[in-house]
1. Taking residue 110 as the residue in question, decide whether it is over 30 Å from residue 247 (Cα atoms), outside the structural domain of residue 282 (by TED's automatic domain parsing), touching a residue at least 24 places away in the same chain (Cβ under 8 Å) and part of a helix (DSSP H, G or I).
2. Given the criterion at pLDDT 90 or above and within 15 Å of residue 116 (Cβ to Cβ), identify the matching residue among 56, 71.
3. I need a count of the residues in region 53-81 that are touching a residue at least 12 places away in the same chain (Cβ under 8 Å) and farther than 16 Å from residue 110 by Cβ.
4. If the Cβ limit is 7 Å and pairs must be 6+ apart or interchain, which residue in region 153-168 that is on the phi > 0 side of the Ramachandran plot and touching a residue at least 60 places away in the same chain (Cβ under 8 Å) pairs with which residue that is assigned to a loop (DSSP other than H, G, I, E, B) and surrounded by fewer than 15 Cβ atoms within 10 Å (Cβ to Cβ)?
5. Just checking, how many residues over region 232-267 are closer than 21 Å to residue 196 by Cα and out of contact with any helix residue (DSSP H, G or I) (no Cβ under 7 Å at 6 or more places or on another chain)?
6. Determine whether residue 94 is at pLDDT 90 or above and part of a loop (DSSP other than H, G, I, E, B).
7. Before we move on, is residue 76 at pLDDT 90 or above, surrounded by fewer than 18 Cβ atoms within 10 Å (Cβ to Cβ) and more than 22 Å from residue 148 (Cα to Cα)?
8. Limited to region 196-221, what total is found for residues that are at pLDDT 70 or above and either outside any helix (DSSP H, G or I) or within 15 Å of residue 273 (Cβ to Cβ) (or both)?
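The values are calculated or read from the model by the stated rules, or taken from the named source; none is laboratory data. If you're wondering where the values come from, they're calculated on a predicted model, not measured in any experiment. Cβ sites come from the backbone with ideal geometry, for glycine too, and all protein chains shown count toward neighbours.
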């Protein structure tokens, strides 16, 4: 270990990645937001089930938070704020009436979303760091939302960790297999590491005659974020409107060659294709 340290003392890329405080904080806050999101879902589902027989007129209502304010709907349910619109509806309801259980659920959601707002405000300040501006420029071009931007930057910053000592993508040539007509094949090591870090690089798993590829490494949160991005931005007309990158991905996804591919596999392949494009755009933005 001492010999390795002395031999590579001036080559920081030979050692484990140590994130700076700002990047580490961005990563921590992103994970906390994901945790709060997971905690809220079962509470919301349980509350809707109770409202279906207590106050069915509003049980299917979609409630979304906008900005840094907890929805009035939850505050009314918790009995913390009057609202004439729902007071009138409740006076004519065919349900059996609200119970303390629903009000407690609403109060829990208020507390969770208040914590969520505090985290988002701190995260917004951290993301204004000058070092993140070129990253944000590329991520915005790809249509990623603010939370998605924070998750990805917390994972890939600094981008130089994927490059060689001259800040160039690492490409090596290796002897080709017997089946290939070429003598050598290119291996894009930097891009492969980038894909692996974001959880979209499949790893071969062979046993006897059985050969298969599975995604085993990388960030589960990034993989989920990319899947959501494909589902909500690439596949929808509204999401890819006036966005050349998303249009290109959509056309690639619906190419006749990929017709018949199971939808889950197709989305994973599209996410992987998107990550390769993201790597190329980051190289152009940061290395030229």
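1. Numbers: over 30 Å from residue 247 (Cα atoms): yes; outside the structural domain of residue 282 (by TED's automatic domain parsing): yes; touching a residue at least 24 places away in the same chain (Cβ under 8 Å): yes; part of a helix (DSSP H, G or I): yes.
Answer is yes for this residue.
2. Details: 56 fails: within 15 Å of residue 116 (Cβ to Cβ).
Going through 56, 71 in turn, just one is at pLDDT 90 or above and within 15 Å of residue 116 (Cβ to Cβ): 71.
3. 8
4. Listed by first residue and then by second, the contacts come to 167/287.
5. Residues meeting the conditions: 2.
6. yes
7. Numbers: at pLDDT 90 or above: yes; surrounded by fewer than 18 Cβ atoms within 10 Å (Cβ to Cβ): no; more than 22 Å from residue 148 (Cα to Cα): yes.
No.
8. First pass over region 196-221, keeping only residues at pLDDT 70 or above: 196-201, 218-221.
Filter once more, keeping what is either outside any helix (DSSP H, G or I) or within 15 Å of residue 273 (Cβ to Cβ) (or both): 198-201, 218-219.
So the answer is 6.
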